[in-house]
Amino acid sequence: MASTTERKPLALPGEHKKVLLHSCCAPCSGEVMEAIQASGIDFTIFFYNPNIHPLKEYELRKQENIRFAEKFGIPFIDADYDRDNWFERAKGMENEPERGIRCTMCFDMRFERTALYAYEHGFPVITSSLGISRWKDMQQINDCGVRAASHYPDMLYWEYNWRKGGGSARMIEISKRENFYQQEYCGCVYSLRDTNRHRLEGGRERIQLGVKFYGDEDAAAED
C-alpha cells in the first residue's frame, strides 16, 4: 500500500500501538489507511454509518471500503446498519443545516458505537477518516470523538489532522488510482434532499446513485 508522495511517520498518542479507525467511506479513508499502515501501526477498520441513505448508497459505500481493505489485508468490522435508531435521534433536526446540531448528533452516534467496540475489544485509541474531507468541520468531529472516548477509562481519541502534509491531495490521488465510487452528498437523506435542491436551483440534474467514479473523465475534485 503506497502513494507517490512521501509521508512523515505517525505515532499514536500515549505511545499506544494499535487503533480502531472509524471509516465513513473508501475515498476518505484511503489516505488515512495508507498513512497509518506506512507508519507500521496496527489498526482495524470499523464501519458504522447508519446515517447513509438510501440502502443502495449505503451498500455502494460499504462495499468500496471492504474492497480496499481486503486488497491490503486490513481487518474490517461491518457494524449494524442501525437506520431506524438514527432517524429516531434525528427527529426535530430535519431542517438543520450541514455542520449544525444534526451533524453533531450523527457524529456522536457513530463515535459512541466505535468507542464501545474499542472498549470491548481492547483498542486503547480510536480515530476517524471523517475529518479529511474539506466539507466537514474538523473541530466538530474532534469534539465528538473526544467526548465518546471519555466514556471509557484510559481511552483516547486521536485528533490527527489528516488534511495536512499533502493528505488532501493524496486522498484524491488514491481515489483516482483505485477508481473509487464518488458519492455526491454527505450521506443522510436530508443532505441528499438539500444537495438535490441546490442542484435543481442551479439548473443541474438530481444526483444519480452509483454512476460516478473517481478517475472518470468528468469526475469532480472531491466528494
Next on the checklist: Can you tell me how the stretch 101-140 classifies by the Cα gyration tensor, rounded, prolate or oblate, using a/c under 1.5 as the rounded cut?
Outcome noted: oblate
Checklist entry - With point charges of +1 on the Cβ of Lys and Arg and -1 on the Cβ of Asp and Glu, referenced to the Cα centre of the chain, which listed residue (Tyr190, Phe111, Met138) lies farthest in the positive direction of the dipole? => result Met138
Next on the checklist: At 0.36 nm per residue, and after removing the present C-alpha to C-alpha distance, how many nm does the segment from Tyr152 to Glu15 gain when stretched out fully?
Outcome noted: 47.5 nm
Checklist entry - Mean shadow of the chain, computed from the convex hull of its alpha carbons, in nm²? => result 11.9
Checklist entry - What distance in nm separates the simple spin-label points at Glu98 and Met138, each placed 7 Å from Cα in the Cβ direction? => result 1.8
Item to check | Positive-end residue of Trp158, Ser128, Met171, charge dipole of the stretch 109-171 with Cβ unit charges | outcome: Met171
Checklist entry - Picking from Glu178, Glu59, Glu112, which is most flexible by a Gaussian network model of the chain using Cα springs under 10 Å? => result Glu59
Checklist entry - So, with +1 on the Cβ of K and R and -1 on the Cβ of D and E, and no other charges, what is the size of the charge dipole of the stretch 45-191 about its Cα centre, to the nearest 20 debye? => result 540
Next on the checklist: With every atom except the alpha carbons ignored, what do you get for Rg and Dmax of the stretch 10-83, in angstroms?
Outcome noted: 12.8, 40
Checklist outcome for this item: So, with points 7 Å from each Cα along the Cβ direction, the Asp78-Glu112 label distance in nm works out to 2.5
Checklist outcome for this item: At the level of C-alpha centres, the distance separating the stretch 83-131 and the stretch 190-206, in angstrom, is 25
Checklist entry - Where in the chain are the DSSP H helices whose C-alpha atoms run 15 Å or more along the long axis and whose mean Kyte hydropathy is at least 0.0? => result 26-38
Checklist entry - When ranked by the protection proxy of mean other Cβ atoms within 10 Å per residue, highest first, what sequence do the peptides 179-189, 152-162, 195-205 form? => result 179-189, 152-162, 195-205
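Readers should treat all values here as calculations from the given coordinates under stated rules, not as data from a laboratory. Keep in mind that this is a model prediction, so the values were computed, not measured. Neighbour counts run over all protein chains shown; Cβ positions are idealised from the backbone, glycine included.
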